[in-house]
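Since the structure comes first, as C-alpha cells, the remarks are kept for the end.
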Amino acid sequence: MYDLIINNIGMLATPSGNSPRKGNDQKDVITIENASIGIKDGVVAYVGTSPCSEDAKTVIDAKKCLVTPGLVDAHTHLVFGGFREYEIPLKLSGATYLEILAAGGGILSTVKNTREASKDELYEKASSFLDDMLKHGTTTVEAKSGYGLNLETELKQLEVVKLLNEKHNVDLVSTFMGAHAIPSEYKDKKEDFIKLLCEEIIPKVGTLKLAEFCDIFCETGIFTAEDSEVILKVAQRYGMRSKIHADEINPIGGSSLAGNIKAISAEHLIEADRAGMESMARGGTIAVLLPATSFYLAKNFAKAKEMISLNIPVAIASDFNPGSSPSFNVQFVMNLGYLKYGLTPEEVLTAVTINAACAVGRGDTVGTIEVGKQADIIIWDAPNLNYIFYRFGNNLVDKVIKKGQLVVDNKK
Ligand code: IZC
Ligand code: ZN
C-alpha cells in the first residue's frame, strides 16, 4: 500500500546515484517510457514500467507527461531587504556592477535595507519567494547570508533561513557568507573586518550551528584569494565546508584555491582559466554555474563544456539576488544552459538535480528519482525532456510533489 502513486508517465527522466556526475556521465540520464512511481512515507518505494495497481491514498494520472526529480537551486541569496531596480538607469549610463558597489550601492545598499528590516519582514518576503520557486519546480534551495556584514544581521538572516527550513515545504540549506563585501564602517579597514569575521562572527555562527557552508566573494576590490583561504580555513574549524564565489568578473585565483582546499564548490567561474579548472578537477570541486547572471549583466558565459571535458561536475543555479540575478526561475537557467553553454538537455538536467544536490551536500537524499530517495518530483506540462528546452520563458511545471505530498497543482 503506497501513500501516493503516479501512473501513466509518458517519460520519466532522472540521473542516478548519490554522487556528482562528471565527464561523459554528466549526460547519462535514465529515461523510462510508460513509467509509474510508488511513494511511501515520503520516500520513493517503486519506479518501473508496470502500473502500480495497489491501493493508494492518492493516485495521480500523469497524462503521458514528463516527470523529473524536483529542481535543486544550489546558489541563492534568498533573504534580503529592499530591491535594486534603481540601478537600471545607472547601468544604462554605463556603470558596471563593481563601480556601483564601490560607490556604496549594489550589495551595500541591500545591506542597509537588510539591517533595517525586521526578522518577520525578512521571513515573510523570503517565504513568498519560496512559494513561487516551488510553483516553478524548485524543491530544495541553498540560501546565503551576507547582507548583514555584522554579527546581529548575519545571525538574523541565518535564523530566518533556519525558520523557513522548519516551516516551509521547500528544504533549505544554509550558507554563511559574511565575507560578501566590506561594510562601509570598515571601508579601508579590510583587515579589521576579516578579524571581526574570524574572531567573532564565524565562531558564533559555528557554535550556534546556523550554517553548513561558508562562502566568500573572491573578487577584485573585495576579498583576495589569500583572504579567502584564511577565512574559509577558520570556518572549516567551526564545521563549515567551503564554497567560493570565484572568477565571476576577474580571475584572481578563486578557482585554483577552490581546488587546492578541496572546496565542495566554486561558483560563477565566468572567467575561470585553464589552470583554475584543472585545480578544481584535481580537488573534486563542483562548478556551480550561474548563467542568468551572465545574461543579466551582459557578460560572458562560463565555459561549461570545457569544464565537463575536464571531468569537473557541473551544476547550474539561479544566483537569485536583488542585484545581478533578480530571477529565481531555474527553468530559465536550464534554457540558458542549453542555449548559451551549449549543453545537452540531459547534461542540464543532471546540473540542476543530482549535481546541484551534491553541491549542497544533499546527494544522498534528493536529486534523483530512485527507490529510497526523498520523493521530490515534478510532473511537467511537457511530453518529453527536449520540450522544456524548446518552450523557453514559460512555467512548464504542472504539479510538484514534495516529500511525497502534492504541494503544487498549477493548473487547478
Ligand atoms: O547582491 O549583488 N555577486 N554577490 C556576488 C552578489 C552578486 C549579490 C548581490
Ligand atoms: Zn552569489
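The values are calculated or read from the model by the stated rules, or taken from the named source; none is laboratory data. Given the structure is predicted, the values throughout are model-derived calculations rather than measurements. Cβ: placed from backbone, ideal geometry, glycine included. Neighbour counts: every protein chain shown. Only protein heavy atoms, including side chains, enter the accessible area calculation; ligands, DNA and RNA are left aside. Shrake-Rupley method; radii C 1.70, N 1.55, O 1.52, S 1.80 Å.
Could you please state, rounded to a whole Å, how far the C-alpha centre of segment 1-59 is from the C-alpha centre of segment 277-321?
Distance between centres, Cα-based: 28 Å.
Let me make sure I get this right: for the chain, a, b and c are the square roots of the gyration tensor eigenvalues over alpha carbons, sorted descending. Under 1.5 in a/c it's rounded, otherwise prolate if a/b > b/c, else oblate. Which is it? Spell out each step's value before the answer.
Working: a/c = 1.79, a/b = 1.60, b/c = 1.12.
Since a/c reaches 1.5 and a/b is larger than b/c, the shape of the chain is classed as prolate.
For a quick check of your reading of the filter: which chymotrypsin sites (Phe, Trp or Tyr not before Pro) in segment 52-133 sit in a DSSP loop and have no more than 15 other Cβ atoms within 10 Å?
Details: sites: F80, F83, Y86, Y97, Y123, F129; in loops: F80, F83, Y86.
Here the chymotrypsin sites (Phe, Trp or Tyr not before Pro) that fit, given the DSSP loop and packing criteria, are F83, Y86.
Enter the accessible area per residue of segment 72-359 (Å², integer; probe 1.4 Å; all protein chains in place). Can you show the working numbers first?
Working: 10190 Å² over 288 residues.
That works out to 35 Å² per residue.
Show me 234-245, 50-61 ranked by packing, highest mean number of other Cβ atoms within 10 Å first. Before the final figure, lay out each step's value.
Values: 234-245: 21.7, 50-61: 13.5.
Top of the packing list down: 234-245, 50-61.
Given the protein chains as shown and a 1.4 Å probe, how many square angstrom of L98 are accessible, to the nearest 10?
In the full protein context, L98 sits at about 40 Å².
For a quick protection proxy, order the peptides 104-114, 67-77 by their average other-Cβ count within 10 Å, most packed first. Display every interim value, and only then the final one.
Working: 104-114: 21.0, 67-77: 29.1.
The densest-packed peptide leads the list: 67-77, 104-114.
Per DSSP helix of 4 or more residues, -39500 (n - 2.57); summed, then divided by the residues of the chain. What does that give at 222 nm, rounded to the nearest 500?
On the way: 16 runs with 141 residues, N = 412.
-9500 deg cm²/dmol, from helical runs alone.
Would you kindly state how much longer the chain becomes between N386 and K195 on full extension, computed as 0.36 nm times their sequence separation minus their alpha carbon distance, in nm to one decimal?
Details: separation 191, 0.36 × 191 = 68.76 nm, distance 5.02 nm.
Net length gain for the segment: 63.7 nm.
Tell me the relative contact order for segment 72-359 as a rounded percent, counting alpha carbon contacts under 8 Å between residues six or more apart. List each step's numbers first, then the result.
Details: 604 pairs, mean separation 48.0, N = 288.
This gives 17 percent for segment 72-359.
If packing is taken as the average number of other Cβ atoms within 10 Å across a peptide's residues, how do 386-392, 330-336 rank, most packed first? Write out the running numbers ahead of the final one.
Working: 386-392: 16.7, 330-336: 23.9.
So the peptides 386-392, 330-336, ranked by packing, come out 330-336, 386-392.
Run the accessible area of the chain with a 1.4 Å probe and give the carbon-and-sulfur part as a rounded percent. Don't skip to the answer; put the middle values down first.
On the way: 7820 of 15750 Å².
That share works out to 50 percent.
In degrees, nearest 10, range 0 to 90: what is the angle between the Cα axis of helix 119-135 and the longest Cα principal axis of the chain?
The angle comes out near 40 degrees.
Can you tell me the 0 to 90 degree angle between the C-alpha axis of helix 151-167 and the longest principal axis of the chain, rounded to 10?
Computed tilt is about 10 degrees.
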